[in-house]
Amino acid sequence: MSVATEALEAGTPEEAPLPSSQGHDRRTGWIRWSVATLVLLLAALAASLVVVSPGTGVVVTRLGRPVRVLLTPGGALKWPSPVENTVDVDLRLRTTSSGLQDVGTKDGLRVLVQAFVVWRVRATPEGVQLYLRAVQNQPDVTAGQLRSLMASSLEITASSFDLANLVNTDPKKVRLDEFETLLRDRIDAQARRVYGVQIEQAGIERLTLSSEALQATIERMKAERDTAAAQRSAEGQREAAQITSEADRDARIQLAQAKADAAGIEAEAQVKSAAIYQEAYNINPALYTTLRSFDTLDAVVNPNTRLILRTDAAPFRILVDGPGNEGAVKKGKP
């Protein structure tokens with residue numbers, strides 16, 4: 001009886017919660033360990049994840065030594081720090097100016113040139129690693145080195161061109177495009193080999209002359225203008241002389257033709273006039289004689305003429321005898 005009672009008492013609800021509490025503690029501990037493990041895994045994953053942004057290269061170093069170069073945008077994995085670390089390299093375009101440089105041209109004149117270059121780190125593993133070794137991933141140091149290269153390259157490139165190829169009023173003689181191409185190629189070859197960067201573009205930002213070169217250029221331009229003016233003046237005088245000669249020749253030809261035409265017209269008029277006179281004489285000889293006498297008087301006498309002639313002498317006889325007595329004059333009177 002007592003044993004059964006003890007057994008029943010052992011199974012009473014008051015003593016059951018002991019094993020349930022232990023299970024709860026175990027589940028709580030397992031959850032905590034799971035969460036801690038997950039946090040550690042996430043932390044390890046975060047420390048191992050590398051994100052490559054567009055326009056950026058990532059160099060993975062192991063104990064300070066580059067082992068990989070990541071250039072494709074996206075994600076990648078590495079060993080957590082301090083086993084492996086990353087160095088970001090900017091691959092975007094940059095510009096650098098040389099400042100005014102005093103250089104000599106092929107024809108011995110001095111000119112002040114300011115050039116610029118557009119450059120970037122070569123997007124290749126070799127280029128990125130060379131860039132890190134050469135300038136320690138410092139763009140300002142790279143720009144300074146490029147300015148030194150530009151100064152020497154400008155001097156060498158300018159020595160292959162005359163000043164007239166750089167400054168000229170005739171666009172056909174200007175060779176600035178060729179100058180910029182040669183300058184870019186020369187700087188690019190050295191920059192790739194030494195610093196791991198490439199030159200995308202090189203150009204002339206400013207070009208001016210020193211006082212001596214400016215005076216020499218003005219004198220040369222003046223001489224060229226004087227030569228051109230003299231040549232054009234000579235051409236104008238030659239053309240003017242040719243035009244004048246042709247005009248004189250044409251005038252002489254036209255004048256001679258006009259004189260010939262006038263002579264022919266005058267001869268024809270005289271023939272017609274003679275025929276008309278002859279016809280008029282045949283119709284009325286007396287009237288013809290009278291009119292011809294008047295014509296003669298009109299040609300000889302003017303308001304300032306004084307004539308003392310016999311009135312019975314021709315052609316004044318007509319004034320005394322009149323037209324009616326012309327026949328009598330011819331028959332009996334002297």
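The values are calculated or read from the model by the stated rules, or taken from the named source; none is laboratory data. Since the structure is predicted, the reported quantities are computational estimates derived from the model, not experimental observations. Please note: Cβ atoms are built from the backbone with ideal geometry, for glycine as well, and neighbour counts cover all protein chains shown. Ligands, DNA and RNA are stripped out before the accessible areas are found, and what is left, the full protein with its side chains, is counted by its heavy atoms. Shrake-Rupley method; radii C 1.70, N 1.55, O 1.52, S 1.80 Å.
A few points about this structure:
- Listed residues 114, 61, 139: farthest to the positive end of the dipole of segment 51-158 (Cβ charges): 61
- Pairwise label distance in nanometres, residue 68 with residue 297, each label 7 Å out on the Cα-Cβ vector: 14.3
- Exposure of residue 221 as accessible area (Å², to 10), given a probe of 1.4 Å and all protein chains: 80
- Across segment 99-154, Cα-Cα pairs more than 16 Å apart make up 53 percent of the total.
- Segment 132-239 - Debye-derived log10 I(q)/I(0), Cα point model, q = 0.17, 0.19 Å⁻¹: -0.89, -1.00
- Length available on full extension from residue 176 to residue 123: 0.36 nm per residue minus the Cα-Cα distance, which gives 16.1 nm.
- For segment 188-314, with all protein chains in place and a probe radius of 1.4 Å, 55% of the accessible heavy-atom surface sits on carbon or sulfur.
- Size of segment 142-203: Rg and Dmax of its alpha carbons, in Å, are 12.9, 40.
- Of 79, 33, the order by accessible heavy-atom surface (1.4 Å probe, DNA, RNA and ligands excluded), from most exposed downward, is 33, 79.
- Panel note: the C-alpha atoms of segment 52-159, placed on their principal axes, show extents of 62, 24, 18 Å (largest first).
- To the nearest 10, the accessible area of residue 50 is 10 Å² with a 1.4 Å probe.
- The heavy atoms of residue 225 offer some 120 square angstrom of accessible surface to a 1.4 angstrom probe.
- Calculated Rg and Dmax of segment 223-269 using C-alpha coordinates, Å: 20.1, 67
- Packing-based ranking, highest mean first, of 84-90, 163-169 given that Cβ atoms within 10 Å are counted: 163-169, 84-90
- Cβ-placed point charges (K, R +1; D, E -1), dipole of segment 169-213 about Cα centre in debye, nearest 20: 120
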